[in-house]
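Report on the structure given below.
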Amino acid sequence: MSNCPILFRALLGGALVASLLACRPERKPAETTTAPAVAAKPAATAPATPRKADFAEQSLKNAGLVDVQTLDPAILVDLKYSTTDNFVGVDVYGDLTRAYLQTVPAQKLVKAQQLLVESRPGYHLLIYDAARPRRVQQILWDTLKKPPRLKPLYVADPKEGSIHNYGAAVDLTIADERGQPLDMGTSFDFFGELAYPTKEDSLVKLGKLTLRQITNRRTLREVMRRAGFAPIDSEWWHFNAMSLERCKQEYGIIE
Ligand SMILES: [Zn+2]
């Protein structure tokens, strides 16, 4: 989210940790459920964990967003929040497995895919997250096992909302002809300086990233920038199609 870097700087003054804002916290193993230790109650009354955002896809359609792959099937989608391979270790997306964006951001993404194949024939953009209903943001916030004062370091506060909640931000990488993600030096949602675009040159000098890894990141940034997206300082995978202020003017938040 575009508000992430600002929040991060405000909170941490440039310290390394967390891409805070963004989209999520450190990776950790799948959470154990909170099922009661003593199975005294019938299953029907047991806590329903993990929570999922049922009908999330319908809420995106109702808000007028478009399924990106209907505009360009060459763009690949692997929504990490619809799997357990994410920073909370829980599938929070329920029925949502396709990537939705507002129309203008979706059209920009189609342009980015076209620019990519001009320089890398056969390659694909691979989306990890796109529009994210605010109630999913709330589930991430509630699921995150951190003290409340530390949560904003890992996830944007759902009360404020993020550009993802307006359908105008996308998390993505590049995949080769076989659909395999390129080596970007860190996984998606890695929390730390290794994921910072602003630190790449020094990290290469320190031997913590390779030239090939930052070349792959630069290829992604170049096609996204030329298509009208803005990168952020702390996550190589996150791009905004417009500012949070403009989102508020143009679109309603997706609940
Ligand atoms: Zn993001």
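No value in this document is a laboratory result; all are computed from the given coordinates. The shown structure was predicted, so the numbers you read here are calculated from the model rather than taken from an experiment. We place every Cβ from the backbone using ideal geometry, glycine too, and count neighbours over all the protein chains shown.
Given 145/248; 80/146; 80/145; 146/248; 80/151; 151/205, which pairs have Cα atoms separated by over 23 Å? Provide the component values of the computation, followed by the final result.
Working: 145/248 30 Å; 80/146 21 Å; 80/145 19 Å; 146/248 29 Å; 80/151 20 Å; 151/205 32 Å.
As for pairs spanning more than 23 Å Cα to Cα, those are 145/248; 146/248; 151/205.
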Extension reserve of the residue 119-residue 205 stretch, reckoned as 0.36 nm per residue once the Cα distance is removed:
28.3 nm
What is the calculated FRET efficiency for residue 218 to residue 246, with r their C-beta to C-beta distance and R₀ = 35 Å, to the nearest 0.05?
0.85
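For the range 124-202, what does the alpha-carbon gyration tensor say about shape, rounded, prolate or oblate, given a ≥ b ≥ c as the root eigenvalues, a/c under 1.5 as rounded, and a/b over b/c as prolate? Don't skip to the answer; put the middle values down first.
Details: a/c = 2.33, a/b = 1.46, b/c = 1.59.
Note, shape of the range 124-202 comes out oblate.
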